[in-house]
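Trainee: This structure is in structure tokens; I'll ask about it shortly.
The values are calculated or read from the model by the stated rules, or taken from the named source; none is laboratory data. Bear in mind the structure is a predicted one, so any value in this text is a computation, not a measurement. Note that we place each Cβ from the backbone using ideal geometry, even for glycine, and neighbour counts take in every protein chain shown.
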């Protein structure tokens, strides 16, 4: 018996996560799972998506909705319309959704209305901050889903607190869902691609970076990039860190954010940043280059949930530029510090990690075989 699944991707992290599932299907479930990939086009910049398909060995999408950017409501509505048409045509056994983007929400709404069972990968994650669009998307998706796969014990516990019953038995449905603590598909990917990155990536040489002698930073969340006070505090802290620590900082920056620096930073901070020889602002990098940058960094400073995890995968101390995190386990382990967009807290966290780097990195994210487990459960419960 073979089942058909429709995988929805739209943003760069989802494309990367989908690589793990597609690889598991190709290597272990090729006779049991037929996967169709739908790219919503939420990220339409070629450097932000197409390169990942070829680099990570992901099959090209069977459908591309080419929605592009736009206001949340308009973007999501166009996705719902396009996904519904595909589901009506393909009649899959499951729709597979990742994370918490507008593509995730659109897939959940479209599938639930026509009773296609939803598989949610990265279920149960909570920031407990409903001002974040991602928080709304992930909660709504979880509560429409039939099979929910949480990467962490905390995520599983969040679902139980919200009323999901871990003792439910098959047959499963959105009214009788199954919840799993299965490990993280991104950990699967990081293990698989780390050797490839070490052998193929030239990002350190290209940017004249010395292993373990630079800080890696990423900044992309709207509440950081769009609010001048927060953005200013972050860059003032970064400038102080590189001036005081004698270490380079590399910052792969989305073109949208790069354009906003001049508008949202004070003239003084922007001038200092422009003249700094130690802060290297570069174009967004490929997944393999990002893995290489993470592997060889001395420390990571980020507002990205994915990069927080990857810092932990590669045993790097991480400063979180947000007031909360979905990955509280890494903070509890002492491997990350929440500093928000607070200059003093960011600098203090850097000083703490510089003088006393974390020594313990307990196994939080599974055994590197989460994707195989997810495929097995889909087949078993179809």
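Trainee: Residue 184 passes all but one of (1) more than 17 Å from the chain's Cα centre (by Cα); (2) modelled with pLDDT of 95 or more; (3) closer than 20 Å to residue 303 by Cα; which number fails?
Mentor: (1)
Yes/no per residue for (1) farther than 15 Å from residue 8 by Cα; (2) in contact with a strand residue (DSSP E or B) (Cβ under 8 Å, 6 or more places away or on another chain):
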| position | (1), (2) |
| --- | --- |
| 103 | no, yes |
| 127 | yes, no |
| 141 | no, yes |
| 146 | yes, yes |
| 149 | yes, yes |
| 157 | yes, no |
| 161 | yes, no |
| 166 | yes, yes |
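Trainee: Residue 64: under 26 Å from residue 222 (Cα atoms), touching a helix residue (DSSP H, G or I) at 6+ places or on another chain (Cβ under 7 Å) and outside the structural domain of residue 222 (by TED's automatic domain parsing), yes or no?
Mentor: no
Trainee: For region 189-214, name all the residues that are under 20 Å from the mean Cα position of the chain (by Cα) and under 19 Å from residue 283 (Cα atoms).
Mentor: 197
Trainee: Please enumerate the residues belonging to region 205-217 that are outside any loop (DSSP other than H, G, I, E, B) and either over 9 Å from residue 250 (Cβ atoms) or out of contact with any helix residue (DSSP H, G or I) (no Cβ under 9 Å at 6 or more places or on another chain) (or both).
Mentor: Within region 205-217, 205, 206 qualify.
Trainee: Quick one: residue 56 ticks every box in (1) closer than 26 Å to residue 2 by Cα; (2) surrounded by fewer than 21 Cβ atoms within 10 Å (Cβ to Cβ) except a single one, so which number is it?
Mentor: (2)
Trainee: Then there's this: Kindly indicate the residue of region 249-269 that is outside any helix (DSSP H, G or I) and over 14 Å from residue 218 (Cα atoms) and also nearest to the chain's Cα centre (by Cα) among those meeting that condition.
Mentor: Per the stated criteria, the residue is 265.
Trainee: Quick one: residue 138 ticks every box in (1) closer than 20 Å to residue 16 by Cα; (2) in contact (Cβ under 8 Å) with a residue 60 or more places away in the chain; (3) out of contact with any helix residue (DSSP H, G or I) (no Cβ under 6 Å at 6 or more places or on another chain) bar one, so which box is it?
Mentor: Of (1) closer than 20 Å to residue 16 by Cα; (2) in contact (Cβ under 8 Å) with a residue 60 or more places away in the chain; (3) out of contact with any helix residue (DSSP H, G or I) (no Cβ under 6 Å at 6 or more places or on another chain), only one is false for residue 138: (2).
Trainee: Oh, and also: Quick one: is residue 366 modelled with pLDDT under 95, closer than 30 Å to residue 19 by Cβ and surrounded by fewer than 21 Cβ atoms within 10 Å (Cβ to Cβ)?
Mentor: Here the answer is yes, as residue 366 does meet what is asked.
Trainee: Out of all the residues in region 242-279, which are at pLDDT 90 or above and in contact with a strand residue (DSSP E or B) (Cβ under 7 Å, 6 or more places away or on another chain)?
Mentor: Selection gives 242, 247, 248, 249, 250, 251, 252, 253, 273, 278, 279.
Condition check ((1) closer than 29 Å to residue 129 by Cα; (2) in the same structural domain as residue 135 (by TED's automatic domain parsing); (3) surrounded by fewer than 20 Cβ atoms within 10 Å (Cβ to Cβ)) across all residues:
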site: 206; (1), (2), (3): no, no, yes
site: 211; (1), (2), (3): no, no, yes
site: 215; (1), (2), (3): yes, no, no
site: 229; (1), (2), (3): yes, no, yes
site: 235; (1), (2), (3): yes, no, no
site: 246; (1), (2), (3): no, no, yes
site: 260; (1), (2), (3): yes, no, yes
site: 276; (1), (2), (3): no, no, yes
site: 284; (1), (2), (3): yes, no, yes
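Trainee: Take residue 210 and tell me if it is closer than 23 Å to residue 354 by Cβ and without any contact (Cβ under 8 Å) to a residue 40 or more places away in the chain.
Mentor: Criteria met by residue 210.
Trainee: Quick one: would you say residue 272 is free of Cβ contacts under 8 Å to residues at least 60 places away in the same chain and assigned to a loop (DSSP other than H, G, I, E, B)?
Mentor: Judged against the criteria, residue 272 is not a match.
Trainee: Being in contact with a helix residue (DSSP H, G or I) (Cβ under 7 Å, 6 or more places away or on another chain), in a helix (DSSP H, G or I) and closer than 21 Å to residue 190 by Cα is the filter here; which residues of region 350-382 pass it?
Mentor: 370, 371, 372, 374, 375
Trainee: What's the total number of residues in region 101-125 that are touching a residue at least 24 places away in the same chain (Cβ under 8 Å) and surrounded by fewer than 20 Cβ atoms within 10 Å (Cβ to Cβ)?
Mentor: Matching residues across region 101-125 total 4.
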